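This report concerns only the one structure given below.
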Amino acid sequence: MSEETIHIARTRAEVQHCIQAAREGGKRLGLVPTMGALHEGHLSLVRAAQRSCDFVVVTIFVNPAQFSPTEDFSKYPRTIDADLEALRDLGVDLVFMPDREELYPGGFSTYVLPPAVADPFEGQVRPGHFRGVATIILKLFHLLPTDVAFFGQKDYQQCQVIRQMVEDLNVPIEIQACPIIREPDGLAMSSRNRYLSPDERRRAVSLSAAVGEAVRQVQAGTTETSVITERMHDILRKAGVTKVDYAAIADATTLEVINRIDRPAVALIAAYVGATRLIDNALLTAE
């Protein structure tokens, strides 16, 4: 696809000029930060932004700062041509696609210490991950001072980290979390799903089945979280998903692990299906 069919900014100066022009035009601005390898989950965020904003910018940047030394940054899927084609078809106003040096120039050494909600779950399993997330998101918020930023609920802890950072640091931007987009069989859409073999793809549905079972248990009146999490683990085990980083229930705001469903809560899973790490979640509310 020819890049001339969609407006792409590659430098900080260019994207700031575009945002300033849109703001001076009195437009409501929306931001959708991504790492590319776009799927319907990402595109649903774009559509949500377009419904409530007059000007939508999508960023495509694989952020090296959020990958640990044991994670292969170079293997993260990159599908730029297909990404740009999808964004062109949606009529996105601007794509910000900087190279690494544009955001992390030589001598860069300032990072954001993420809030306490970053500590459990992903924070324990992937040390330094949320430092990288908080740093790049705050940089994007400064470069692209839009009115609203759109994120997917699939990355639930990430959403809570960003919400708390924005509140703590008085960043004047609204954070909107959009629902998880799922395949017909329930699997949460993810850029990493493409790595699953046919057998792994069948077993991966156990993650959505497990969080779905948590929802059903709560709706049926179960409040003891130990009972619910055991059911979640059982579903994963029966599917042959044995490497589980966590399958837990936590306070929906603080992500503190709770013993009883007596407040808004969330069921969270991170597990490996084969060599592919997948995550899923579902909100839980006692009747």
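The values are calculated or read from the model by the stated rules, or taken from the named source; none is laboratory data. Given the structure is predicted, the values throughout are model-derived calculations rather than measurements. We place every Cβ from the backbone using ideal geometry, glycine too, and count neighbours over all the protein chains shown.
Where residues in region 257-287 are out of contact with any strand residue (DSSP E or B) (no Cβ under 6 Å at 6 or more places or on another chain) and among the acidic types (D, E), which of them is modelled with the highest pLDDT?
Taking the candidates together, the pick is D262.
Count, please, the residues in region 19-44 that happen to be closer than 16 Å to I60 by Cβ and among the hydroxyl-bearing types (S, T, Y).
So the answer is 1.
I'm checking my understanding of the structure. Among residues of region 164-183 that are among the β-branched types (V, I, T) and either in contact with a Leu (Cβ under 8 Å, 6 or more places away or on another chain) or not in a strand (DSSP E or B) (or both), which one is surrounded by the most Cβ atoms within 10 Å (Cβ to Cβ)?
I180
On the given criteria, is S226 part of a helix (DSSP H, G or I), in contact (Cβ under 8 Å) with a residue 24 or more places away in the chain, closer than 13 Å to K154 by Cα and not hydrophobic (A, V, I, L, M, F, W, C)?
Details: part of a helix (DSSP H, G or I): yes; in contact (Cβ under 8 Å) with a residue 24 or more places away in the chain: yes; closer than 13 Å to K154 by Cα: no; not hydrophobic (A, V, I, L, M, F, W, C): yes.
Criteria not met by S226.
Just to verify a result, which residue in region 1-47, among those that are hydrophobic (A, V, I, L, M, F, W, C) and at pLDDT below 95, is surrounded by the most Cβ atoms within 10 Å (Cβ to Cβ)?
The initial filter retains those residues of region 1-47 that are hydrophobic (A, V, I, L, M, F, W, C), namely 1, 6, 8-9, 13, 15, 18-19, 21-22, 29, 31-32, 35, 37-38, 43, 45-46.
Still in the list and also at pLDDT below 95: 1, 6.
Numbers: M1: 13, I6: 19.
The selected residue is I6.
Somewhere in region 208-217, is a residue outside any helix (DSSP H, G or I) and surrounded by 13 or more Cβ atoms within 10 Å (Cβ to Cβ)?
no
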